[in-house]
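To keep things clear, I will list the structure first and then write my remarks on it.
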Amino acid sequence: MTMFKFSKNPIYIPKVQDNNIREWNLKLPALFVNAVTLVWRPSVLSIKQNTDVFIVDPVTDRILYPEARKKKNFKKLKYPEVEPEEIYSNALVRRDLIEKSIKHQIDANASIVIAPYFFAEDTDDTKFSVNLTLLSETIKYLNEIDEQRPLFAMICIGNSVFARPIVLNNIIDRYNDILLKHIDGFFLSVNEFSGKNITDINKLIGLAHFVFRLSEYKSVIIKRIDAFGDILCTIGAAGYSSGLAISESYSAKDHEDFPRKAFKRIYAPEIFDYLNETEAKKVGYKCHSKTSGNVEDHHTKIKHYLFHRIDRIDKMQSLTRDQRIDYMLKEVKKAKKLASEWSDKFGIPPKFLHASRWETVIERSKYWKPSKQNDDELKKLIKELEND
């Protein structure tokens, strides 16, 4: 198997819900869409001409939630309507799920294949073992039908594991045992994880170190995360994905693809955060990008968000890992200073309170070494001790 690589590293992958992106005359390294969106709006398939890698999320995690199964568009996927026990114990049900989820991706001419998956709160959750079984059976099925598209595994997990290094090591070991050589990369989806709102520094460091470790083996893409995705790309992620100014975090219980309320905030990349419309007027916020223009209506807000996400990630592509760390530290420090100035001068609520936590994560990552390098140093130390 020729190992799959994205055309650029790192990359930002927009999660799209319509084909409006075609109007902006962009060619992106990758685009991300849900299978539910495709059955609802087949015209979204036209965005394939705007990307090198078209990714379809089978969203099989929704099967085990009755409220999700009832939704009209999800029903069109015709996934088996089963209770958890049937998925765990019935190989025929799992096979049906695998065949249908893969077919949706192949029919859409997706560039890669994502194995079906469920949300597991922890490694003690039975669904974690089921995910490994589904991945193993997907590998077998793809071999049977001689499907050569790159295969990615989705690790869909609760955020509590990231404060527990032993559990994180166990996850890597479980995937590494027999499956790693058969897959091309990982999507990592963390339940209820906001880089801005998580105050437990151990969870932020835990996620960052997990991504660093996992990226030693395969490409790692973080699915639906806020600007902390920039930090993770600095450390080792191949990229991250989010909705366009919405859907910046994954919630296992939230099955809405399209928000009901109009988007009322403006993304300010200068502070890695948002300003509401009142705050934006107070600080006189203007977009300095020639491509997105004035940030006034919903359409231009989305365009502004996208172009600035791409701009920051593109700047990292030509840098070494050490240079990326230095670059991002400067960006975070500039953001903290500007946010403080806005708060003092205009009396708006403090923004970017998470800056110090992000700085700590980046500073800590300077001293992380690849496992192979650690093993080599350990062997060298043992040899020196034996010679004494």
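The values are calculated or read from the model by the stated rules, or taken from the named source; none is laboratory data. Computed from a prediction, not measured in an experiment: that's the story for all the values here. Quick reminder, even Gly has a Cβ in these numbers, built from the backbone with ideal geometry, and neighbours come from all protein chains shown.
For the reader, a short list of remarks on this structure follows.
- Residue under evaluation TYR65, criteria (1) surrounded by fewer than 21 Cβ atoms within 10 Å (Cβ to Cβ); (2) at pLDDT 95 or above, criterion not met: (2)
- Residue in the stretch 158-167 that is in contact with a strand residue (DSSP E or B) (Cβ under 7 Å, 6 or more places away or on another chain), under 19 Å from TYR250 (Cβ atoms) and polar (S, T, N, Q) present: yes
- Scanning the stretch 234-245 for residues that are modelled with pLDDT under 90 and either within 14 Å of the chain's Cα centre (by Cα) or over 22 Å from LEU28 (Cα atoms) (or both) turns up just one, LEU244.
- Residue in the stretch 161-178 that is outside the structural domain of ASP311 (by TED's automatic domain parsing), assigned to a helix (DSSP H, G or I) and buried (at least 23 other Cβ atoms within 10 Å of the Cβ) present: yes
- Which listed residue, of ALA115, ALA153, ALA110, is farther than 24 Å from PRO84 by Cβ and buried (at least 22 other Cβ atoms within 10 Å of the Cβ): ALA110
- Counting only helices (runs of 4 or more DSSP H) that sit wholly inside the stretch 297-388, those with at least 2 residues that are touching a helix residue (DSSP H, G or I) at 6+ places or on another chain (Cβ under 8 Å) and at pLDDT below 90 are 298-316.
- For ILE98, the stated conditions hold: it is aliphatic (A, V, I, L, M), within 29 Å of ASN169 (Cα to Cα) and assigned to a helix (DSSP H, G or I).
- Any hit, the stretch 274-296, residues being modelled with pLDDT of 80 or more, more than 25 Å from GLU23 (Cα to Cα) and of a type in the set (Asp, Glu): yes
- The condition (being more than 27 Å from VAL161 (Cα to Cα), of a type in the set (Asp, Glu) and without any contact (Cβ under 8 Å) to a residue 40 or more places away in the chain) is satisfied by just one residue among GLU81, GLU86, GLU99: GLU81.
- Counting only residues that are closer than 20 Å to ILE102 by Cα, of a type outside the set (A, V, I, L, M) and over 21 Å from the mean Cα position of the chain (by Cα), the stretch 47-73 holds 2 of them.
- Single match in SER89, SER43 (criterion: exposed (fewer than 14 other Cβ atoms within 10 Å of the Cβ) and closer than 22 Å to ASP107 by Cβ): SER43
- Verdict on ASN197 being surrounded by fewer than 22 Cβ atoms within 10 Å (Cβ to Cβ) and part of a helix (DSSP H, G or I): no
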